[in-house]
1. Take A:Leu111 and decide whether it is among the hydrophobic types (A, V, I, L, M, F, W, C) and either under 11 Å from the mean Cα position of the chain (by Cα) or at pLDDT 95 or above (or both).
2. Of the conditions (1) within 28 Å of A:Ala3 (Cα to Cα); (2) at pLDDT 95 or above, B:Ser18 fails just one. Which one is it?
3. Report yes if some residue within the range B:46-64 is within 12 Å of chain A (Cβ to nearest Cβ), among the basic types (Lys, Arg) and either assigned to a loop (DSSP other than H, G, I, E, B) or within 10 Å of the chain's Cα centre (by Cα) (or both); otherwise report no.
4. Do you know which residues across the range A:102-114 are surrounded by 19 or more Cβ atoms within 10 Å (Cβ to Cβ) and over 12 Å from A:Gln25 (Cα atoms)?
5. I'm trying to understand the selection: among the residues of the range A:29-51, which are surrounded by 15 or more Cβ atoms within 10 Å (Cβ to Cβ), charged (D, E, K, R) and assigned to a loop (DSSP other than H, G, I, E, B)?
6. With the structure loaded, tell me whether B:Glu5 is out of contact with any helix residue (DSSP H, G or I) (no Cβ under 6 Å at 6 or more places or on another chain) and on the phi > 0 side of the Ramachandran plot or whether it fails that test.
7. Of all residues being away from chain B (no Cβ under 12 Å) and within 17 Å of A:Phe90 (Cβ to Cβ) in the range A:50-66, which is modelled with the lowest pLDDT? Just the residue, please.
Amino acid sequence: DTAVSQTPKYLVTQMGNDKSIKCEQNLGHDTMYWYKQDSKKFLKIMFSYNNKELIINETVPNRFSPKSPDKAHLNLHINSLELGDSAVYFCASSQAPSRGGQQFFGPGTRLTVL
Amino acid sequence: GENVEQHPSTLSVQEGDSAVIKCTYSDSASNYFPWYKQELGKGPQLIIDIRSNVGEKKDQRIAVTLNKTAKHFSLHITETQPEDSAVYFCAAYGQNFVFGPGTRLSVLP
């Protein structure tokens, strides 16, 4: 069974469109994350949710809006896509962050904005 | 905020040799230091981690050392194999996870 899954794996879209990426984890973790990995492989945290509540929101444009319907899901919605949004987006989950719980990453979604 | 540096950015070794990747962090409150391996087209995978109350941890061919005073930690891979070729990331956790920029390791047969 896949621990952290993301859909879609690839997403190609035009500038200005709105798109969503879905993430699900079956590990029973309380905390979920979204990361952005650029073309130089830099991994940067975007959001962190603990028990469906936002606990980290780095300097990410308002066009990005995470939604957590329950502890097992954290979806990422992006409005008015821009060329600079092209990257690989990773979802991850972990146990309590205060204890530095081990993170498990999904396979990634490669977003290409044309 | 936390800043994590990682060196070298690329590393090539002969199969069977050892590889060492070093990281430094800035926030003395950071207390958890994981290492990840990322293969092409896949997500990062945790390979070993260490907490601030431990100086060294080993798992088969992989070991991690932590020097809290100097705020640096290192990944050691012994008897490298071609399948060890990947990008390796260190990270530090204080208030959130901050990743180093990565090291591309190539193990030459």
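The values are calculated or read from the model by the stated rules, or taken from the named source; none is laboratory data. Bear in mind the structure is a predicted one, so any value in this text is a computation, not a measurement. No Cβ is skipped: glycine too gets one built from the backbone with ideal geometry, and neighbour counts run over all protein chains shown.
1. So A:Leu111 fits the description; yes.
2. Result: B:Ser18 passes all but (1).
3. Taking every residue of the range B:46-64 in turn, none turns out to be within 12 Å of chain A (Cβ to nearest Cβ), among the basic types (Lys, Arg) and either assigned to a loop (DSSP other than H, G, I, E, B) or within 10 Å of the chain's Cα centre (by Cα) (or both).
4. Once the filter is applied, which keeps residues that are surrounded by 19 or more Cβ atoms within 10 Å (Cβ to Cβ) and over 12 Å from A:Gln25 (Cα atoms), the range A:102-114 yields A:Gly108, A:Thr109, A:Leu111, A:Val113.
5. Scanning the range A:29-51 gives A:Asp30, A:Lys41.
6. Criteria not met by B:Glu5.
7. A:Val60
Yes/no per residue for (1) within 14 Å of another protein chain (Cβ to nearest Cβ); (2) not polar (S, T, N, Q):
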site	(1), (2)
B:Glu5	yes, yes
B:Lys22	no, yes
B:Lys68	no, yes
B:Gln95	yes, no
